[in-house]
Structures are given as structure tokens and as C-alpha cells.
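The values are calculated or read from the model by the stated rules, or taken from the named source; none is laboratory data. Small disclaimer: the values here were computed from a predicted structure and weren't measured. Because the Cβ atoms are built from the backbone with ideal geometry, glycine has one as well, and the counts that use them run over all protein chains shown. Surface accessibility is based on the protein's heavy atoms, side chains included, excluding ligands, DNA and RNA. Shrake-Rupley method; radii C 1.70, N 1.55, O 1.52, S 1.80 Å.
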Amino acid sequence: MQPLPDARTDDRIDACPDARPDAITAPEAVHPSLWLASQLAQSTDRCVDTGHPALSAQLPGGGWPTGTLFELLLPQPGIGEMRLLRPALAALAAAQRSIVLLQPPHAPQALALAALGIAPSQLIWIRNTGKSTDALWAAEQILRSGCCGALLLWQQHVRGEALRRLHLAAQSGDTLFCLLRPLAAAQDASPAPLRLSLRSAAGGMEIGFIKRRGPQREAPLFLPLTPSLLQRHATLDRPAPAPAPARSVQPALVG
């Protein structure tokens with residue numbers, strides 16, 4: 001009887017044409033969805049430039065992902081989140097893509113839109129109905145229709161099942177889909193591949209990387225955000241005066 005080969009010494013047992021040293025050092029060459037734990041994933045989807053080089057360098061693909069759900073987690077609205085998103089929104093508006101604000105905490109203002117580089121005719125503002133189920137249903141329909149370049153959705157509480165539905169709906173198009181939630185939601189599970197926490201800081205904000213396709217980063221990233229004179233007086237980051245009685249939603253509706 002012939003002795004069985006020793007698996008420790010017989011290279012024929014583990015021989016595989018794909019098991020090459022370069023496949024280990026460059027797993028994206030095997031499949032674009034693979035990456036080392038020490039490197040950022042190479043996104044195969046189109047990204048929108050954040051307009052902040054220091055932030056883009058920390059994101060897979062080098063920008064805000066499109067065709068997927070990503071989250072910004074805030075201690076409270078109005079800490080600079082709109083200034084953070086301004087370059088991306090302005091770029092989409094310049095490409096004649098509509099921007100949808102779904103249940104924002106405050107009414108948008110015409111001067112603030114101009115500061116963001118968005119013409120009022122490119123804005124679709126959907127008022128707060130008080131029912132999260134209505135907002136989530138509307139968000140899903142917007143994402144599946146592909147009717148806009150960006151969708152910003154504000155929600156206090158979202159169940160895991162609803163998050164998965166939104167994430168799946170976002171994958172059907174190339175919309176920039178940002179969900180803005182309370183910072184406490186960082187403890188909850190989410191299918192979003194990118195989750196950032198935002199905290200205000202002198203001269204800008206600190207960005208924490210709760211989840212990303214890449215190595216874990218413990219230290220927050222400080223990002224300078226110096227507002228212009230116009231932004232100091234009128235910005236979507238500031239609470240707006242109480243809006244007028246509700247009217248029908250229309251693209252040019254700004255408070």
C-alpha cells in the first residue's frame with residue numbers, strides 16, 4: 001500500500017493557479033470587491049467628490065458613494081452638515097440633477113440655496129408629515145425612480161428592515177443617498193457601507209469613522225469649515241423661521 005502524501009510537504013494538494021503572491025498583495029486583481037484589512041476598498045461604483053481632499057482620501061473610491069446608502073450621524077441638526085455636503089450638491093446641481101430634501105428639520109431658504117450653489121428650481125422639498133412610514137415610503141419611490149441626483153433624508157428612528165429596503169432601493173440607481181440620523185444611532189446595526197459621525201469643533205467639525213470598507217480609524221478627522229459671510233446669516237445649517245402654513249409640494253418651494 002502506498003503511503004498517503006503528507007499535506008505539509010506535498011505542494012500538489014494545495015496547488016492553485018490563482019494562489020499567487022501578487023493575488024495576496026493585490027486582492028482587487030482577483031475581484032474588485034476584495035481588499036486587505038489595511039487598505040481602503042477600491043469602489044467600482046461612481047463616487048461624487050466631497051470637495052474636501054482630506055476627507056476624500058479617507059473614503060473608499062475617494063468620494064461620497066452613489067447607488068448606495070450612507071449615513072451621517074449628528075448630535076443635533078445644524079452643526080455644519082450642509083456645508084460638508086455643499087461641494088457634492090453643487091456639482092450635482094451644475095449637472096442639472098435635482099436635489100430632494102425629505103423631512104428636513106428646518107425649512108430651506110432661498111439665500112441658503114444660492115450659497116450652496118443650488119437654484120430653487122432644482123430643489124424638491126417634501127415637508128414633514130409627522131409619519132416616518134410616509135417618509136420612508138417616499139424615499140424608496142424616489143430612489144427606485146432615479147429622478148434626482150441626491151436625496152437627503154432626515155429620520156429619528158429607522159428600523160433595520162426599513163434600512164435594508166432603502167439600501168436595496170438605492171442600489172437600483174446612481175442617486176447620492178444620505179440618511180441623517182441622531183448620533184445615538186451609531187450603536188445600531190446598519191447595512192450602510194459608510195457611516196460617519198459629525199461633531200462641531202472650533203473652525204470646523206470632527207468626523208468619526210464608525211464604519212467604512214477599509215481599516216478602522218480611531219482618531220477623528222478634523223475638517224476646517226469656514227462659512228462665508230452669507231452663510232453666517234442664512235444657511236441650511238441654521239434653524240429657519242417657522243414656515244408658512246403648509247402648501248402643496250413644488251420644486252421651487254423655499255422658506
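At-a-glance table
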quantity: Overall form of the range 109-230 per C-alpha gyration tensor (a/c, 1.5; a/b vs b/c); calculated: oblate
quantity: Burial order of peptide ranges 101-112, 186-197 (average beta-carbon count within 10 Å, highest first); calculated: 101-112, 186-197
quantity: Heavy atoms of I210: accessible area, 1.4 Å probe, square angstrom to 10; calculated: 70
quantity: Per residue, in Å², the accessible surface of the range 59-207 once ligands and nucleic acids are set aside, probe 1.4 Å; calculated: 38
quantity: Contact order normalised by residue count of the range 142-230, Cα under 8 Å, 6+ apart, percent; calculated: 22
quantity: Cα-centred dipole magnitude for the range 43-130, charges only on beta-carbon of K, R (+1) and D, E (-1), debye, nearest 20; calculated: 200
